[in-house]
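S.K.: Got a structure for you, written out below as C-alpha coordinates; questions coming shortly.
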Amino acid sequence: MREHQARQERLRAREFEAFVAGAGGRLLHAATLLTAEPPGAAPEAERLLVWALARTRADWGRLHGEDPYERTRQLLAARFAHTGWRYRRTRGGLLGVLSPQERLVLVLRLHEGVGEEQVAAGLGLPVERVRALHTRAMATVLSRPREDARAAHEPA
(Lines give C-alpha, C1' and ligand atoms only; values in the text may rest on other atoms or scores of the structure.)
Protein backbone atom coordinates (compact mmCIF):
# COMPACT_ATOMS: atom_id res chain seq x y z
CA MET A 1 0.00 0.00 0.00
CA ARG A 2 2.77 2.46 0.92
CA GLU A 3 4.63 1.62 -2.26
CA HIS A 4 1.51 2.44 -4.29
CA GLN A 5 1.13 5.79 -2.49
CA ALA A 6 4.79 6.60 -3.03
CA ARG A 7 4.46 5.75 -6.72
CA GLN A 8 1.37 7.97 -7.00
CA GLU A 9 3.19 10.84 -5.30
CA ARG A 10 6.16 10.51 -7.67
CA LEU A 11 3.77 10.55 -10.61
CA ARG A 12 2.03 13.70 -9.27
CA ALA A 13 5.43 15.34 -8.73
CA ARG A 14 6.44 14.62 -12.33
CA GLU A 15 3.10 15.90 -13.63
CA PHE A 16 3.50 19.10 -11.61
CA GLU A 17 7.08 19.59 -12.82
CA ALA A 18 5.89 19.19 -16.42
CA PHE A 19 3.11 21.71 -15.78
CA VAL A 20 5.58 24.26 -14.37
CA ALA A 21 7.99 23.67 -17.26
CA GLY A 22 5.20 24.33 -19.76
CA ALA A 23 3.28 27.12 -18.05
CA GLY A 24 5.82 28.76 -15.75
CA GLY A 25 7.11 31.28 -18.28
CA ARG A 26 3.69 32.58 -19.22
CA LEU A 27 2.60 32.75 -15.58
CA LEU A 28 5.79 34.63 -14.67
CA HIS A 29 5.13 37.07 -17.51
CA ALA A 30 1.62 37.68 -16.20
CA ALA A 31 2.96 38.19 -12.67
CA THR A 32 5.60 40.61 -14.00
CA LEU A 33 2.91 42.61 -15.79
CA LEU A 34 0.89 42.73 -12.58
CA THR A 35 3.75 44.00 -10.45
CA ALA A 36 4.97 46.32 -13.25
CA GLU A 37 8.56 45.25 -12.66
CA PRO A 38 11.06 45.07 -15.50
CA PRO A 39 11.41 41.62 -17.06
CA GLY A 40 14.41 39.77 -15.70
CA ALA A 41 14.41 41.80 -12.49
CA ALA A 42 11.05 40.96 -10.98
CA PRO A 43 11.48 39.62 -7.43
CA GLU A 44 7.94 40.60 -6.39
CA ALA A 45 6.48 38.83 -9.43
CA GLU A 46 8.58 35.78 -8.68
CA ARG A 47 7.32 35.75 -5.06
CA LEU A 48 3.72 35.97 -6.27
CA LEU A 49 4.24 33.12 -8.71
CA VAL A 50 6.07 30.90 -6.22
CA TRP A 51 3.22 31.38 -3.75
CA ALA A 52 0.58 30.50 -6.39
CA LEU A 53 2.56 27.47 -7.60
CA ALA A 54 3.06 26.25 -4.03
CA ARG A 55 -0.69 26.39 -3.46
CA THR A 56 -1.35 24.61 -6.75
CA ARG A 57 1.19 21.90 -5.84
CA ALA A 58 -0.42 21.43 -2.44
CA ASP A 59 -3.79 20.89 -4.14
CA TRP A 60 -2.42 18.93 -7.12
CA GLY A 61 -3.87 15.57 -6.07
CA ARG A 62 -7.31 17.13 -5.55
CA LEU A 63 -7.64 19.01 -8.84
CA HIS A 64 -9.62 16.14 -10.47
CA GLY A 65 -9.81 17.43 -14.01
CA GLU A 66 -9.57 21.11 -13.08
CA ASP A 67 -7.21 23.06 -15.35
CA PRO A 68 -4.03 23.64 -13.32
CA TYR A 69 -3.17 26.74 -15.37
CA GLU A 70 -6.56 28.27 -14.64
CA ARG A 71 -6.24 27.36 -10.96
CA THR A 72 -2.77 28.89 -10.68
CA ARG A 73 -3.83 32.03 -12.55
CA GLN A 74 -6.81 32.43 -10.21
CA LEU A 75 -4.55 32.03 -7.18
CA LEU A 76 -2.06 34.51 -8.64
CA ALA A 77 -4.80 37.07 -9.35
CA ALA A 78 -6.41 36.63 -5.93
CA ARG A 79 -3.08 37.02 -4.13
CA PHE A 80 -2.26 40.11 -6.15
CA ALA A 81 -5.72 41.57 -5.48
CA HIS A 82 -5.32 41.00 -1.73
CA THR A 83 -1.81 42.45 -1.62
CA GLY A 84 -2.39 45.20 -4.20
CA TRP A 85 -1.64 47.93 -1.70
CA ARG A 86 2.02 46.92 -1.99
CA TYR A 87 1.99 47.91 -5.66
CA ARG A 88 0.33 51.34 -5.41
CA ARG A 89 3.33 53.51 -6.05
CA THR A 90 3.91 54.50 -9.64
CA ARG A 91 6.24 52.09 -11.35
CA GLY A 92 8.04 52.09 -14.64
CA GLY A 93 6.89 50.58 -17.85
CA LEU A 94 3.73 50.90 -19.79
CA LEU A 95 1.47 49.51 -17.06
CA GLY A 96 3.29 51.15 -14.15
CA VAL A 97 1.03 54.20 -14.15
CA LEU A 98 -2.09 52.11 -13.61
CA SER A 99 -3.56 51.31 -10.21
CA PRO A 100 -3.07 47.70 -9.09
CA GLN A 101 -6.74 46.96 -9.73
CA GLU A 102 -6.59 48.44 -13.23
CA ARG A 103 -3.43 46.44 -13.94
CA LEU A 104 -5.07 43.25 -12.70
CA VAL A 105 -8.15 43.71 -14.88
CA LEU A 106 -6.07 44.66 -17.93
CA VAL A 107 -3.71 41.70 -17.57
CA LEU A 108 -6.55 39.25 -17.06
CA ARG A 109 -8.60 40.63 -19.93
CA LEU A 110 -5.92 41.32 -22.54
CA HIS A 111 -2.91 39.16 -21.70
CA GLU A 112 -4.81 36.15 -20.40
CA GLY A 113 -7.99 36.54 -22.51
CA VAL A 114 -10.37 36.08 -19.58
CA GLY A 115 -13.94 37.26 -20.16
CA GLU A 116 -15.47 40.15 -18.22
CA GLU A 117 -17.91 37.93 -16.37
CA GLN A 118 -15.17 35.52 -15.31
CA VAL A 119 -12.92 38.38 -14.14
CA ALA A 120 -15.81 39.90 -12.20
CA ALA A 121 -16.64 36.59 -10.54
CA GLY A 122 -13.00 35.87 -9.70
CA LEU A 123 -12.48 39.29 -8.13
CA GLY A 124 -15.89 39.57 -6.51
CA LEU A 125 -16.73 42.72 -8.48
CA PRO A 126 -19.77 43.65 -10.55
CA VAL A 127 -19.26 43.28 -14.30
CA GLU A 128 -19.86 47.01 -14.71
CA ARG A 129 -16.94 47.76 -12.37
CA VAL A 130 -14.65 45.43 -14.34
CA ARG A 131 -15.76 47.12 -17.56
CA ALA A 132 -15.09 50.58 -16.09
CA LEU A 133 -11.64 49.57 -14.81
CA HIS A 134 -10.76 48.08 -18.20
CA THR A 135 -11.96 51.18 -20.07
CA ARG A 136 -10.07 53.55 -17.77
CA ALA A 137 -6.89 51.45 -17.93
CA MET A 138 -7.01 51.30 -21.73
CA ALA A 139 -7.58 55.05 -21.96
CA THR A 140 -4.60 55.68 -19.70
CA VAL A 141 -2.29 53.33 -21.59
CA LEU A 142 -3.36 54.63 -24.99
CA SER A 143 -2.99 58.27 -23.96
CA ARG A 144 0.66 57.89 -22.92
CA PRO A 145 3.17 59.63 -25.16
CA ARG A 146 4.78 57.38 -27.75
CA GLU A 147 8.25 57.94 -26.25
CA ASP A 148 7.07 56.45 -22.92
CA ALA A 149 5.63 53.45 -24.73
CA ARG A 150 8.86 52.87 -26.69
CA ALA A 151 10.98 53.24 -23.56
CA ALA A 152 8.85 50.62 -21.82
CA HIS A 153 9.82 48.05 -24.46
CA GLU A 154 13.52 48.89 -24.71
CA PRO A 155 15.99 46.93 -22.58
CA ALA A 156 17.40 48.81 -19.63
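The values are calculated or read from the model by the stated rules, or taken from the named source; none is laboratory data. Quick caveat, the model's predicted, so the values are computed rather than measured. So basically every Cβ, Gly included, is an ideal-geometry build from the backbone, and we count neighbours across all protein chains shown. Keep in mind that these areas ignore ligands, DNA and RNA; they rest on the heavy atoms of the full protein, side chains included. Shrake-Rupley method; radii C 1.70, N 1.55, O 1.52, S 1.80 Å.
S.K.: Can you give the accessible area per residue of the chain, in Å², using a 1.4 Å probe? Spell out each step's value before the answer.
M.R.: Values: 9310 Å² over 156 residues.
Per-residue value: 60 Å².
S.K.: Report the calculated FRET efficiency for A132 and R62 (r = Cβ-Cβ distance, R0 = 25 Å), to the nearest 0.05.
M.R.: On the way: r = 36 Å, r/R0 = 1.44.
So, using R0 = 25 Å, E works out to roughly 0.10.
S.K.: Taking the Cα centre of each part, how many Å lie between segment 18-77 and segment 100-126?
M.R.: 16 Å
S.K.: Estimate the FRET efficiency between E116 and A18 by the formula 1/(1 + (r/R0)^6), using the beta-carbon distance for r and 35 Å for R0, to the nearest 0.05. The partial results should precede the final answer.
M.R.: Numbers: r = 32 Å, r/R0 = 0.91.
Working from the Cβ atoms, E equals 0.65.
S.K.: Set the Förster radius R0 to 25 Å, insert the Cβ-Cβ distance between E3 and R71 as r into 1/(1 + (r/R0)^6), and round the FRET efficiency to 0.05.
M.R.: Values: r = 29 Å, r/R0 = 1.16.
Here the calculated transfer efficiency is 0.30.
S.K.: Under the 0.36 nm per residue contour assumption, what length would be gained going from the current alpha-carbon distance of S143 and R10 to full extension? Don't skip to the answer; put the middle values down first.
M.R.: Details: separation 133, 0.36 × 133 = 47.88 nm, distance 5.13 nm.
Length gained, S143 through R10: 42.8 nm.
S.K.: Right, another one. Of H82, H111, H29, which has the largest mean-square fluctuation in a 10 Å C-alpha GNM of the chain?
M.R.: Of H82, H111, H29, the Gaussian network model singles out H82 as fluctuating most.
S.K.: Once Lys and Arg get +1 and Asp and Glu get -1 on their Cβ, which of G25, P68, A41 lies farthest toward the positive end of the dipole of segment 1-114?
M.R.: Of the listed residues, the answer is A41.
S.K.: With charges only on Cβ, +1 for K and R and -1 for D and E, what is the dipole size of the chain about its Cα centre, in debye, rounded to 20? Show your work: numbers first, answer last.
M.R.: Numbers: 25 positive and 19 negative charges, 65 e Å.
Value, rounded to 20: 320 debye.
S.K.: Still on this structure: For n ≥ 4 DSSP H runs only, could you compute -39500 (n - 2.57) per run for the chain, divide by its residues and tell me the 222 nm figure to the nearest 500? Before the final figure, lay out each step's value.
M.R.: Numbers: 7 runs with 106 residues, N = 156.
It lands at -22500 deg cm²/dmol.
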